[in-house]
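Okay, structure first, notes after.
Taken together, the values in this text are just the output of simple stated rules run on the coordinates, not laboratory data. Because the structure is a prediction, the values reported are computed rather than measured. Positions of Cβ are backbone-derived with ideal geometry, glycine not excepted, and every protein chain shown enters the neighbour counts.
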C-alpha cells in the first residue's frame, strides 16, 4: 500500500489506521465528500454500509417492520438532502444516528393510530429481521409505544432523560417514569 498524502486526514502515513473503526471512519469521510459532490455511487456505498444499523434502530423505535422500513427510507432521503450541511465536526455515524432518531420519531408520529401503537403487525416476526438482538427485540415489541421509545433511547442508545424529553416533547419526569415502566414490564416478561 502506498503512503500517499490524504487530504481528508491530513496524514501521509496511513499505517496509523490501527483499527477497523479507523478504516471505516476514513472510508465514511471519503464517501461523504464524494456524495456531497453529487456522486450517487458513493451515496449508494454509504447506504449499503449503514442500512442495517439504521433499520435496526428504526425497528426498535417503531416496533413494526413497515414503519421501520418507511423510517429507514425517509432517513436516507433526508440524508441525501442534508449531506451538504454535514460539516465533519462530529463523526458521520453520530450525525447519521441523530438523523435516524429524528426521522423514526417523525414517522411514528405521522402514522399514529390507536391499534398500531399497541399491536405489532404480522410482519414483525423476527424471521424477517436479521440482527443479533432478536430476543431483546421480541420483548421490546411487547412494550407500549412511549415506554419502548424511551427505553430504547435511554438504555440502548445512551440518551439522557433531558434529551429524550426534548425530542419527544414531554417532561423529563415523564421520560424517567416511562423508562421505569418499561423496565418493570420487561422484568415481568422475563
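Please express the shape of the range 19-122 as an equivalent ellipsoid: the semi-axes are the square roots of 5 times the eigenvalues of the C-alpha gyration tensor, given largest first in whole angstrom. Could you put the intermediate results ahead of the total?
Values: eigenvalues 158, 35, 25 Å².
Value: 28, 13, 11 Å, ordered largest first.
Counting neighbouring beta carbons within 10 Å and listing from fewest to most, the residues 43, 59 come out as 43, 59. Legend: ranking of residues 170, 108 from fewest to most surrounding C-beta atoms inside 10 Å; resulting order 170, 108.
With Cα atoms defining each centre, the range 56-82 and the range 147-176 are spaced 19 Å apart in the structure. The Rg/Rh ratio for the range 143-190, using Cα coordinates for both the radius of gyration and the Kirkwood hydrodynamic radius, is 0.96.
Can you put 75, 94 in order of Cβ neighbours within 10 angstrom, beginning with the fewest?
Values: 75 26, 94 10.
Ascending number of Cβ neighbours within 10 Å: 94, 75.
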